[in-house]
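Take a look at the structure set out below.
Taken together, the values in this text are just the output of simple stated rules run on the coordinates, not laboratory data. Computed from a prediction, not measured in an experiment: that's the story for all the values here. Virtual Cβ from ideal backbone geometry, glycine too; neighbours counted across all protein chains shown.
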Amino acid sequence: APQEQRIRRLYQEAKSIQGKLFRTLKKGEVVQVAELEAIADDLVDCIFDNRDALFCLARIRDKDSYLMEHSLNVGMLLANFGRFLELERPILRELTIGGLLHDTGKITIPDAILHKPAKLTDDEFTIMKSHVVQSIVLLKESKGITPIMMTVAGCHHERLAGRGYPRGLAGEQLNLYARMSTIVDVYDALTADRCYKVGMPPTAAFRILLQGAGTQFDEELVRKFIKCMGVHPIGTLVKLQSGRLAIVVERNEQSPLQPKVKVIYSTIGQHHLEVKLLDLARAGANEAIECAVDPKTYGIDLARYLG
């Protein structure tokens, strides 16, 4: 559909701009925030108008493009979360740009550490953690950086009980935007494919956030974030009561347990099915979600169906 094509073009343009941003920084040039404002406005508009289609594309991950896609997704997730919290649009734009910029310091980290397919040594982890301070240094030199953008970049690894980095901030030292950033950054990192791991399903990431609620993350905000994302977030693979597998592609605000799904696989016959769009809330659907499942269990490539 023309609208879906427009959203696809927007997402590809955003990825292109994100890639250009990192290339600019690697050349030693400063960030031009003005160049990010237009794409941030477009992304915020899309989150208001058709966020489900946008987040379907965001679920297609390339482990070799993690840094770029993670930054873009954090920006979109922050805007979506901010919309749910009823923050004003100018703030949503700043949160989006903050997400786009939050990991800029990683361009200073050696590739051997940044892309290491094994656990980092203590010394390597110390170097990795320095990316936050490097982000702050890079952004301070850039015109147009706002306090909200700086908060996203400087505080996304802080933790509520003071055990984060780089400053070990705790409690009231972390404002709303910092607390939002810690949740969103971890959620996207957990659900993304990396060179050393396969991303986990959104529901598994929710469980980890809930385990850290009250100590690592703001408990009230964690629960609001989960509600914002939905019981079954876009891109979740679910098992229906009939034994068929389906991918959630559109949420239902009035009935969160009955989203629109793409039916793709039979666990009974153990074979792929002709793709069928099914609205579980529609009268006569005669289907219900039994549980969320891990795509790896059935060898399902979500990107094949979300693109």
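Here are a few things to note about the model shown:
- Label-to-label distance, nm, for residues given as residue 196 and residue 253 (7 Å Cα→Cβ offset): 4.2
- Helix 202-211 and the longest principal axis of the Cα set of the chain meet at an angle near 50°.
- Among the listed pairs 129/260; 197/262; 63/224, those with a Cα-Cα distance over 31 Å are 129/260.
- Size of charge dipole - segment 200-267 - debye, nearest 20, with Cβ of Lys, Arg +1 and Asp, Glu -1, no other charges: 320
- Cα-based helix-to-principal-axis angle, 176-191 vs the chain, degrees rounded to 10: 60
- Using a simple spin-label model with pseudo-atoms 7 Å out from Cα toward Cβ, residue 266 and residue 129 lie 5.4 nm apart.
- Helix-only CD estimate at 222 nm, as mean residue ellipticity for the chain, using -39500 (n - 2.57) per DSSP H run (n ≥ 4): -16000 deg cm²/dmol
- DSSP-loop GluC sites (Glu not before Pro) across segment 234-307, with at most 12 other Cβ within 10 angstrom: 253
- Residue 224 versus residue 281: modelled label distance in nm, points set 7 Å from Cα along the beta carbon direction: 2.3
- Euclidean distance between Cα centres, segment 138-154 to segment 49-87, Å: 20
- Distant-in-sequence amide H partners of residue 116 (H built 1.01 Å from N, under 5 Å): none
- Karplus-derived HN-Hα couplings along segment 238-247 (A = 6.51, B = -1.76, C = 1.60, θ = phi - 60°), whole Hz, x at Gly and Pro: 10, 9, 8, 4, 6, x, 7, 9, 9, 10
- Between the helical axis of 33-58 and the longest alpha-carbon principal axis of the chain there is an angle of about 20 degrees.
- Within the chain, the longest run free of exposed loop sites, counting trypsin sites (Lys or Arg not before Pro) that sit outside DSSP helix and strand states (H, G, I, E, B) and have at most 13 other Cβ atoms within 10 Å, spans 164-281.
- Most mobile of 181, 135, 65 in a GNM of the chain (Cα contacts under 10 Å): 65
- For segment 76-155, the square roots of the Cα gyration tensor eigenvalues, ordered a ≥ b ≥ c, give a/c of at least 1.5 with a/b greater than b/c, which places it in the prolate category.
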